[in-house]
Every structure is written in C-alpha cells, then in structure tokens.
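One structure below.
The values are calculated or read from the model by the stated rules, or taken from the named source; none is laboratory data. Nothing here was measured: the structure is a model prediction, and the numbers come from that model. Cβ sites come from the backbone with ideal geometry, for glycine too, and all protein chains shown count toward neighbours. Note: areas computed on protein heavy atoms with side chains; ligands, DNA, RNA excluded. Shrake-Rupley method; radii C 1.70, N 1.55, O 1.52, S 1.80 Å.
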Amino acid sequence: MTQAVSIGREAAISVVINGVLSLAFFLGVFGTQPRLLNWAAPNNLALDFVPQSIAVALMSALVPALIARRKLAGAPAHHAVSLRGILLRAALFAIAGGALGGVLAFSIESVGFPPIAWVAAMMIKITYGGALGALVASLALWRLLSFARPV
C-alpha cells in the first residue's frame with residue numbers, strides 16, 4: 001500500500017458520496033411525499049436497484065481509480081497505471097452491478113414483499129448505495145494497487 005492512496009479513506013468517501021447520490025435519485029424518482037411504496041408496479045422500487053447498482057458500481061470503480069492514478073503518477077516511486085485498464089474495469093464493475101441489481105430486483109419481486117414505508121425505502125436505498133460504493137471502491141483500488149508497478 002502506498003501512502004498516496006488509502007483504500008479505507010477512499011471507501012469512506014465513496015460511502016458518503018454514493019449515499020448522498022442515492023438519496024438525491026430516490027427523491028427524484030419517488031418524490032418527497034412520504035407514502036407506501038410498492039416493490040413491484042406501480043412504484044417498481046425493486047427494479048430501481050438495477051440503475052442504482054450500475055451507476056454506483058461504475059462511479060465507485062472509476063472515480064477513485066482515476067484519483068489514485070493521478071496520485072501515483074506524482075508519487076516519488078512512479079507507478080504505471082493504464083487508463084485503458086481503469087476504464088475497462090469500471091465497465092466490468094458496472095455490468096456486475098447491473099447483474100447484482102437484477103438479482104436483487106428479481107429476488108425481491110419473486111418473494112412478493114408488501115408495500116414499504118417511504119422513509120424505510122429511502123434508508124434502504126441510501127444504505128445500499130453507500131455499502132455498494134464502499135465495496136466497489138475498495139475492490140477497484142485493491143486491484144489497481146496490486147497491479148501498479150514501479151517504472
């Protein structure tokens with residue numbers, strides 16, 4: 001591990017950013033009026049895990065890796081980190097995020113959960129976004145730093 005990049009710090013930042021973004025998108029999609037939300041139609045709360053997972057996974061893999069790449073480039077022991085590799089890994093994380101969101105949506109809808117309170121749904125979405133963001137940022141940075149080579 002290099003002093004220039006802290007996986008724990010970047011994961012914590014990812015929790016906050018993705019939690020706030022998840023809140024913003026939740027409010028944009030489901031509004032600000034507290035009410036019961038259905039997991040399936042008409043609210044499709046479960047299905048919302050798909051775009052949320054794609055966006056969180058993509059940005060949590062991409063942004064911390066690009067920041068780390070910049071920090072490593074300026075470090076005394078320069079590390080070669082491929083921009084192409086970062087972009088490819090971010091795309092793969094986004095695909096995996098979409099698959100995870102799809103599995104969650106299918107699982108939730110197949111169980112047939114009853115409607116959920118708006119506040120509880122909001123807390124679930126914020127927590128999920130933050131947790132997924134921390135996990136993806138940690139995995140992406142761990143992978144990036146394990147392959148960064150001194151030049």
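Values computed for the structure shown
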item	result
Estimated 222 nm signal from helices in the chain, with DSSP H stretches of n ≥ 4 weighted -39500 (n - 2.57), rounded to 500	-26000 deg cm²/dmol
Cα centroid separation - region 1-75 against region 98-151, whole Å	8
A131 versus R143: modelled label distance in nm, points set 7 Å from Cα along the beta carbon direction	2.1
Zone of V119's modelled label, taken as backbone nitrogen in region 26-44 under 11 Å from a point 7 Å along Cα→Cβ	34-35
Within the accessible area of the chain (1.4 Å probe), percent carbon and sulfur	73
Nearest-ten-degree value, helix 83-111 long axis tilted from longest Cα axis of the chain	20
Using alpha-carbon coordinates, inclination of helix 118-147 to the longest axis of the chain, degrees	20
Region 11-145 - percent relative contact order, Cα under 8 Å, separation 6 or more	49
Whole-number accessible area per residue in Å² for the chain, which is evaluated in the context of all protein chains at 1.4 Å	54
